[in-house]
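Novice: Starting off with a structure, shown below.
The values are calculated or read from the model by the stated rules, or taken from the named source; none is laboratory data. Here the structure is a predicted model, which is why all the values come from computation and not from measurement. Cβ atoms come from the backbone with ideal geometry, glycine included; neighbour counts cover every protein chain shown.
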Amino acid sequence: MKLDVNGAVREVEADPDMPLLWVLRDLLGLPGTKFGCGAAQCGACTVHLDGRPVRACVTPVATVGDRKVTTIEGLSPDGGHVVQRAWAEADVVQCGYCQSGQIMTAVALLEKKPDPSDADIDAAMAGNICRCGTYPRVREAIHLAARLKRGGA
Amino acid sequence: MSLSRRGFLQGSAASLAIAFYVPTAAKALPRLGPPAPPPNAFLRIGADDSVTVVLAHSEMGQGIWTGLAMLIAEELECDWAKVRCEHAPAAPVYGHPMMGMQMTGGSSTTNGEFQRYRMVGAVARDMLVRAAAARWKTKPKKCVVAKGVVTAGKQRATFGELAEAAMKLTPATDLTLKAPAAWKLIGTPVRRLDTPEKITGRAQFGIDVQFPGLRTAVVLRPPAFGATLKSFDGAAALKIAGVEQVVATAAGVAVVAAHFWAAKLGRDALVAEWTPPADGGADSAALMARFRDQSRSPGAVVVDGGGVDAALSAGVHEAVYEVPYLAHAPMEPLNCTVKLDGDRCEIWTGTQFQTGDQLAAAKVLGTTIDRITIHTPFLGGGFGRRANPASDFVVEAVQVAKAAGVPVKVVWTRDDDLRGGYYRPAYVHRVRAAVDAAGAPVAWDHVVVGQSIMAGTFLEAFMGPGGVDGSSVEGIADSPYLDGLAAKRVTLHSPRTAIPVLWWRSVGNTHTAFAMECMLDELAHAAKVDPLAYRMRLLAKHPRHAHALATAADKAGWATPPPAGRARGLAVHESFGSIVAEVAEVSVEGGRIRVHAVTAAVDCGTAVNPLGIEAQIQSCVAYGLSAALYGALTITGGAVQESNFHDYPVVRMPDMPTVAVHLIASDAPMGGIGEPATAPIAPAVANAVFALTKQRLRALPLRLGVA
């Protein structure tokens with residue numbers, strides 16, 4: 001089947017039930033999207049389908065269809081997406097394992113709500129677990145990204 | 001300088017790199033086996049002026065990827081923008097300066113390496129300066145170093161230009177490190193060096209290892225601790241597209257496949273028969289009941305000042321505190337990649353314990369550790385789970401690779417990870433105290449019951465007299481509150497069960513601080529004394545504890561009433577050489593405990609990177625709060641019932657309080673920072689819940705009774 005991943009159409013041979021996560025990681029060589037729970041519990045596998053965040057670990061590849069898949073690798077060529085810049089500025093990451101998912105969820109949140117409140121952030125980010133507890137800086141980075149997007153500093 | 005320089009001259013068109021010895025450190029370390037270890041290289045300077053710091057410890061979130069580099073850079077005077085890090089291979093030369101073995105744990109990386117890494121920087125700078133002086137026919141003391149450039153008058157050369165000549169010089173052995181007042185980098189907030197790869201998905205974790213020919217394996221493990229494999233049938237698994245082999249491991253069955261998904265489906269399709277544990281299997285509720293019974297009589301003596309029973313006969317405050325078994329649940333499930341080639345074994349795994357893993361792999365293969373190469377990618381969280389004296393996830397992967405005859409990456413699912421053992425042991429503390437007229441303790445009897453982490457491992461040799469595992473009781477007998485108290489008795493029962501246990505971020509302090517700080521709080525309330533004032537009185541001879549506690553209380557506004565519907569609780573605890581006080585502000589909403597704000601004061605001695613320290617305090621609070629509010633494993637018939645984050649919940653964004661961190665300026669010896677803030681949060685929250693509800697919750701996770 002064909003998959004539109006990060007702006008390129010890729011041909012993959014996979015069982016239709018194979019989760020998108022493993023197609024990305026094991027068949028397409030895109031390991032930036034992480035396996036954390038396999039059950040849509042932790043958010044580490046978050047990718048975008050047509051800009052909307054989904055859990056790739058429970059998304060059968062056959063259901064993707066012609067929707068555009070964006071992974072952390074496709075967010076920006078050089079880490080320069082406004083959310084990534086905010087993440088660097090706020091010194092968010094620790095072990096880093098959940099951060100692809102955190103960033104993808106945050107990007108989708110800011111697309112929908114350019115100036116999210118703390119409550120908006122709580123609601124949007126509740127599905128993304130971080131065992132290192134980077135939550136305070138994730139929150140700070142999302143607010144910062146919102147300011148950067150508006151052109152402020 | 002007995003080792004050849006040739007081995008670490010990395011010649012290529014792109015760069016000429018040099019490495020620097022620290023000969024005394026190398027000599028002090030034990031040789032674990034022939035042949036000679038790789039050169040003691042902690043630093044490479046490229047012709048392109050790049051500075052590569054080689055880390056003897058594993059980055060698992062705690063920030064040493066930045067902190068250790070700061071130590072070298074401080075003395076080297078290089079351009080910070082040119083600094084990169086990489087993990088060292090497994091080799092004796094990278095042994096922990098205090099522990100000998102190559103490992104990461106005990107919150108001991110930065111303080112343990114404080115001398116060695118700074119000295120590497122100083123030795124390197126000296127060699128670069130002498131190389132420059134020789135080139136310009138001047139004296140080294142006429143040379144000035146700044147931002148990776150050496151100058152003398154109008155002469156100027158970058159480190160990269162001097163590196164090749166510097167490499168040929170003999171390292172000095174008589175250098176003096178900078179005085180703290182001269183530090184430019186140490187003590188300043190520095191952003192992490194591993195951010196670029198971690199925000200772009202480029203960072204390689206163990207689970208991301210990939211190379212041609214590599215297969216993925218998922219393993220069926222015993223369904224209960226103590227169960228053994230009777231027989232298995234892999235026919236159904238082998239019918240799944242992508243599944244290539246079904247092989248036995250020492251304890252289970254591995255399905256080897258082209259990719260994870262096939263291996264997982266294959267594993268789920270295995271048919272296996274197991275012999276159940278002979279005694280019906282461990283039961284966590286029954287164990288807790290047994291521990292509770294055992295706590296009624298004294299165990300092995302940790303300390304006994306005498307006179308306790310007499311002092312307690314006049315009436316006591318008694319309380320029993322309980323904590324359950326806990327999984328570490330790092331975000332990256334366990335995994336290990338193994339490639340065998342003749343008698344050589346190459347391993348890629350996120351490990352905190354390279355030397356132990358080498359020894360364990362060598363044992364499986366019947367070879368010596370010099371044949372075992374370990375590559376350490378980034379660790380997707382460690383928290384102690386990846387420092388296992390039994391090297392369970394490495395041993396098993398080596399078995400699978402050996403049986404399958406192909407390189408394999410064994411990947412654990414989340415269920416496997418939660419159910420596969422090596423937990424924070426469950427504990428029961430029974431504390432009895434007698435007090436004087438002012439309510440201060442005059443006698444303290446403390447019985448601890450719980451599994452030893454060291455028993456049954458090669459670390460058993462380090463246990464104290466009477467089989468006392470120091471990690472079971474740390475923070476009790478040496479509590480500052482009980483300092484000078486003669487009638488003090490601490491005893492320990494260390495029952496053995498089939499449940500595998502391991503250190504878990506801050507280890508024994510996770511339960512000892514809970515018991516001590518809650519009991520102190522109970523005594524304060526019994527004496528009708530403000531919990532802060534009560535503690536301050538007892539800490540009169542412990543100014544660092546008192547200052548940390550007073551600071552946290554002051555910054556949290558202890559003297560002013562909390563917002564309506566909220567209450568505050570506090571705790572202070574020393575562990576890993578650092579003192580952390582925390583004040584938690586809580587409410588109860590819909591029967592659920594909600595922690596709004598945590599104010600922490602930290603005295604960790606010299607602070608290398610305040611920005612990283614703040615992150616670690618927040619991290620510890622989140623980790624400890626998961627245990628305080630949610631964490632509990634239920635074991636019945638030897639099987640863990642929880643399987644994923646839906647039934648083993650952890651703190652998520654909406655649960656996370658604000659965490660204000662106040663770093664206390666301190667010239668005390670440097671303590672650790674990756675763990676010490678974990679222990680105070682549970683008692684601080686429990687004490688706040690009492691202040692709010694008058695319910696004294698003595699078991700973790702904290703569960704409110706029905707009003």
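Novice: Restricting attention to segment A:99-127, report how many residues are in contact (Cβ under 8 Å) with a residue 40 or more places away in the chain and either touching a strand residue (DSSP E or B) at 6+ places or on another chain (Cβ under 7 Å) or β-branched (Val, Ile, Thr) (or both).
Specialist: The qualifying residues number 5.
Novice: So residue B:319 clears everything in (1) assigned to a loop (DSSP other than H, G, I, E, B); (2) of a type in the set (A, V, I, L, M); (3) away from every other protein chain (no Cβ under 14 Å) except one condition, right? Which one?
Specialist: Of everything listed in (1) assigned to a loop (DSSP other than H, G, I, E, B); (2) of a type in the set (A, V, I, L, M); (3) away from every other protein chain (no Cβ under 14 Å), residue B:319 misses just condition (1).
Novice: Quick one: count up the residues across segment B:263-272 that are in contact (Cβ under 8 Å) with a residue 24 or more places away in the chain and out of contact with any Leu (no Cβ under 7 Å at 6 or more places or on another chain).
Specialist: Within segment B:263-272, residues that are in contact (Cβ under 8 Å) with a residue 24 or more places away in the chain and out of contact with any Leu (no Cβ under 7 Å at 6 or more places or on another chain) number 6.
Novice: Quick check on my filter: what residues within segment B:609-642 are within 19 Å of residue B:385 (Cα to Cα), part of a helix (DSSP H, G or I) and touching a strand residue (DSSP E or B) at 6+ places or on another chain (Cβ under 7 Å)?
Specialist: The answer is B:621, B:625, B:627.
Novice: Restricted to segment B:157-182, and to residues that are in contact with a strand residue (DSSP E or B) (Cβ under 6 Å, 6 or more places away or on another chain) and of a type outside the set (A, V, I, L, M, F, W, C), which residue is farthest from residue B:606 (Cα to Cα)?
Specialist: B:164
Novice: Another question, if that's okay. Run residue B:641 past the list (1) under 23 Å from residue B:552 (Cα atoms); (2) away from chain A (no Cβ under 14 Å) and report the number of the one that doesn't hold.
Specialist: All conditions pass for residue B:641, except number (1).
Novice: Output the number of residues of segment A:68-125 satisfying the condition of being acidic (Asp, Glu) and in contact with a Cys (Cβ under 6 Å, 6 or more places away or on another chain).
Specialist: 0
Novice: Further question: Condition first: surrounded by fewer than 16 Cβ atoms within 10 Å (Cβ to Cβ), small (Gly, Ala, Ser) and over 30 Å from residue B:388 (Cβ atoms). Now tell me which residues in segment B:306-342 satisfy that.
Specialist: Hits for segment B:306-342 are B:306, B:307, B:310, B:313, B:314, B:315.
Novice: Only one of these is of a type in the set (Val, Ile, Thr) and in contact with a helix residue (DSSP H, G or I) (Cβ under 7 Å, 6 or more places away or on another chain): B:209, B:219, B:123, B:144. Name it.
Specialist: It is B:219.
Novice: Still on this structure, please answer the following. If a residue has to be touching a Gly at 6+ places or on another chain (Cβ under 6 Å) and in a helix (DSSP H, G or I) to count, how many in segment B:471-512 make the cut?
Specialist: The qualifying residues number 4.
Novice: Taking segment A:90-135, which residues are surrounded by fewer than 17 Cβ atoms within 10 Å (Cβ to Cβ) and either at the interface with chain B (Cβ under 10 Å from one of its Cβ atoms) or of a type in the set (Phe, Trp, Tyr) (or both)?
Specialist: Scanning segment A:90-135 gives A:118, A:119, A:123, A:126.
Novice: In segment B:70-91, how many residues are assigned to a helix (DSSP H, G or I) and either in contact (Cβ under 8 Å) with a residue 40 or more places away in the chain or crowded, with 22+ Cβ neighbours inside 10 Å (or both)?
Specialist: 9
Novice: Among B:410, B:394, which is the only one that is among the aliphatic types (A, V, I, L, M), within 14 Å of chain A (Cβ to nearest Cβ) and either in contact with a Lys or Arg (Cβ under 9 Å, 6 or more places away or on another chain) or not in a loop (DSSP other than H, G, I, E, B) (or both)?
Specialist: B:410
Novice: Could you identify the single residue in B:439, B:456, B:421 that is of a type in the set (Gly, Ala, Ser), in a loop (DSSP other than H, G, I, E, B) and under 25 Å from residue B:539 (Cβ atoms)?
Specialist: B:439
Novice: Determine whether residue A:28 is of a type outside the set (Ser, Thr, Tyr), at pLDDT 95 or above and in contact with a Lys or Arg (Cβ under 7 Å, 6 or more places away or on another chain).
Specialist: In short, yes.
Novice: Residues to consider are B:657, B:649; find the one that is buried (at least 23 other Cβ atoms within 10 Å of the Cβ), within 14 Å of chain A (Cβ to nearest Cβ) and over 19 Å from the mean Cα position of the chain (by Cα).
Specialist: Going through B:657, B:649 in turn, just one is buried (at least 23 other Cβ atoms within 10 Å of the Cβ), within 14 Å of chain A (Cβ to nearest Cβ) and over 19 Å from the mean Cα position of the chain (by Cα): B:657.
Novice: Would you please list the contacts, defined by Cβ atoms under 7 Å and residues six or more apart or on different chains, that run from a residue in segment B:390-407 that is on the phi > 0 side of the Ramachandran plot to a residue that is in a helix (DSSP H, G or I)?
Specialist: B:391/B:356; B:391/B:357; B:391/B:360
Novice: So, one more: What is the one condition in (1) within 20 Å of residue B:513 (Cα to Cα); (2) in a loop (DSSP other than H, G, I, E, B) that residue B:667 does not satisfy?
Specialist: So residue B:667 meets the others, but not (1).
Novice: While we're here: Condition first: surrounded by 23 or more Cβ atoms within 10 Å (Cβ to Cβ), over 30 Å from residue B:644 (Cα atoms) and β-branched (Val, Ile, Thr). Now tell me which residues in segment B:387-443 satisfy that.
Specialist: B:431
Novice: Only residues that are of a type in the set (A, V, I, L, M, F, W, C) and over 15 Å from residue A:35 (Cβ atoms): list them for segment A:62-73, please.
Specialist: If the condition is that a residue be of a type in the set (A, V, I, L, M, F, W, C) and over 15 Å from residue A:35 (Cβ atoms), then A:62, A:64, A:69 are the ones that fit.
Novice: State all residues of segment A:1-25 that are within 11 Å of chain B (Cβ to nearest Cβ), of a type in the set (A, V, I, L, M) and in contact (Cβ under 8 Å) with a residue 40 or more places away in the chain; if no residue qualifies, say none.
Specialist: Result: A:14, A:18, A:20, A:24.
Novice: Working only within segment B:160-210, note down all residues that are within 7 Å of another protein chain (Cβ to nearest Cβ) and of a type in the set (Val, Ile, Thr).
Specialist: B:195, B:199, B:200, B:207
Novice: If you take the residues of segment B:211-241 that are within 14 Å of chain A (Cβ to nearest Cβ) and surrounded by 21 or more Cβ atoms within 10 Å (Cβ to Cβ), which of them is nearest to residue B:634 (Cα to Cα)?
Specialist: The extreme case among them is B:218.
Novice: Working carefully through the options A:74, A:80, A:38, A:43, find the one that is surrounded by fewer than 24 Cβ atoms within 10 Å (Cβ to Cβ) and at positive phi.
Specialist: Only one candidate passes the filter, namely A:38.
Novice: Here's something else I'd like to know. Determine whether residue B:404 is at pLDDT 95 or above, in contact with a strand residue (DSSP E or B) (Cβ under 8 Å, 6 or more places away or on another chain) and farther than 23 Å from residue B:500 by Cβ.
Specialist: Judged against the criteria, residue B:404 is a match.
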